[in-house]
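Colleague: Sharing a structure, written as structure tokens. Questions coming.
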Amino acid sequence: MAAPDQESFGVRFKRRLPQYIAASAACLGGFSLGCGLGWSAPCVEILKEEHEYDQFATDLVASVFPLGAALGIIVVPFLIDKIGRKWTMLSLVPPFLLGWVLITVGVSVVVLMAIGRLITGACGGMFCVVAPMYSAEISEKQIRGRLGVFFQLLLVFGILFAFCCGYAKNVAIISSLCGGAPLLFASVMIFMPESPLYYIMKDNEAAARKAMLYFRGPDFDIEPEIREFKEQVEKTRAHKVSIEAFMHRPILKTMMLAYGMMFAQQFSGINAIIFYCESVFRLTGVDLDSMFQMVIVAVVQVEACLISAALIDKLGRKILMLVSMGVMGVCLGSLAIFFLVKSSDSEQASGLSWLPLVATCTYILAFCLGAGPIPWAYMGEIFPPNIKGAASSSAAFFNWMLAFIVTVSFSTAVRILGSAATFFFFAFVCLGAFVFLMFFMIETKGKTFVEIQQELGIYGIYD
């Protein structure tokens, strides 16, 4: 029986194909989330121009999505350990479809639109916790980072799809097209096995072995991983999720790291740019179709995620996060300088007409290289089983509340402070995050869950 590092590339890829397929299936939930995130950029301007939405109404419809995501995440810990990772995700399909129906039929009714966005946001937010967790638990350590990026990759494909749908120039058509994404997810995920770790937690070792053989191949020695899962579960089983479980210093330090990464991700301004992408490009005054610029940005997102998937298990999580934050800070600073020049000398700004698109595309590329996918993948790696659901959900709740704050306040900040000051603020956050991650983030590349928890000082903490 050949070890993984002794297999030829073709044999290894064929054996690991079920892992790639299952992770892609789960991360189709990310495609659904991406459709919801990308929907705002083309639709906000259409709602203003054709349906006479005022600024408050458009801000409400855009920002209620991340608020819904935050609220939905509260439910996750109660489901994932009761019905499993797979069935938690599949249970989201009916409400997801209901949300899109309300958005499609309620274009002229702000309340229906807001409810539909709240529901789709809640379902999307739950996916962002469960799908990366499922991907991490089914993956071999050598490709866990790569499969963790799949969620962000499918998410940006969803954003690209929504941006392209924007050419329909009709909110109902855009919404109905985006509403097909949950059906696509369900049609594939229904055939995938449950996470082996979940089965071990439920004392169903036979089912865990069957699932593990599906993911690793019939001739693979699954015993070391099964033993590790059983050891993890046994060490944490006696300690139920409670406030006391989080009061150990190493756990608090790990939570601080998780929260810090989520803060850095959202206060880099990503959702302000995604939700108001067309509006941002209109603010620049550059003579280039704003919808076309949006699609370019979305294509760059996809390319960057593909690069990240190729590099994350080679270079590691930490170096990609540091490069990502550094480049994003420079790009946001460049955008701020452009708006500063534009406000004082519009003629000189016209000579820099190339800068907004280049800076935004480079920013998006850097975000998707590290700051976008890695925090979500990281959540599935760093917490012990007994608190993984609650801890990951808590960090995700924090993330989406920050997204709500950034989204709902972005237009007001631009109106009161000006575009330059707003983007300078986002730039300083990125540079501060660079310093934070340099000192506190650990590398998880190529390490087992036990090795990661040992480095964080949390392995055996509940003995």
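The values are calculated or read from the model by the stated rules, or taken from the named source; none is laboratory data. The model shown is predicted, which means the values in this text are computed figures rather than measured ones. Note that each Cβ is placed from the backbone with ideal geometry, even for glycine, and that neighbours are counted across all protein chains shown. Quick note on the areas: whole protein, heavy atoms, side chains included, nothing else; ligands and nucleic acids left out. Shrake-Rupley method; radii C 1.70, N 1.55, O 1.52, S 1.80 Å.
Colleague: Using +1 at the C-beta of Lys and Arg and -1 at the C-beta of Asp and Glu, which of Gln301, Leu257, Leu322 has the Cα lying farthest in the positive direction of the dipole of the chain?
Modeller: In the chain, that residue is Leu257.
Colleague: Might you tell me the accessible area per residue for the chain, computed with a 1.4 Å probe and given in Å²?
Modeller: 37 Å²
Colleague: How many angstrom lie between the C-alpha centres of the range 358-407 and the range 108-122?
Modeller: 24 Å
Colleague: Tell me which DSSP H helices of the chain clear both cut-offs, 30 Å or more of axial length from alpha-carbon atoms and a mean Kyte-Doolittle hydropathy of at least 1.0.
Modeller: Numbers: long enough: 9-50 (56 Å, 0.38); 110-138 (41 Å, 1.54); 144-165 (32 Å, 1.77); 290-315 (36 Å, 1.64); 317-344 (41 Å, 1.56); 385-417 (46 Å, 1.03); 419-440 (32 Å, 2.31).
Helix filter hits for the chain: 110-138, 144-165, 290-315, 317-344, 385-417, 419-440.
Colleague: Okay, next question. Name the residues of the range 137-161 whose amide N is less than 18 Å from a point 7 angstrom out from the Cα of Val450 along the C-beta direction?
Modeller: Answer for the range 137-161: 137-142.
Colleague: Quick check: at a probe of 1.4 Å, how many percent of the accessible area of the chain sits on carbon and sulfur atoms? Kindly include the intermediate steps, with their values, before the conclusion.
Modeller: Details: 11830 of 17310 Å².
Here it works out to 68 percent.
Colleague: Just to be sure I understand, if you calculate Kirkwood radius over Cα pairs in Å for this structure, which of (1) 27.6; (2) 25.7; (3) 22.4 do you get?
Modeller: The value matching this structure is (3).
Colleague: Can you give the calculated 222 nm mean residue ellipticity of the chain, where each DSSP H run of n ≥ 4 adds -39,500 (n - 2.57) and the sum is split over every residue, rounded to the nearest 500 deg cm²/dmol?
Modeller: So the helix-based figure for the chain works out to -26000 deg cm²/dmol.
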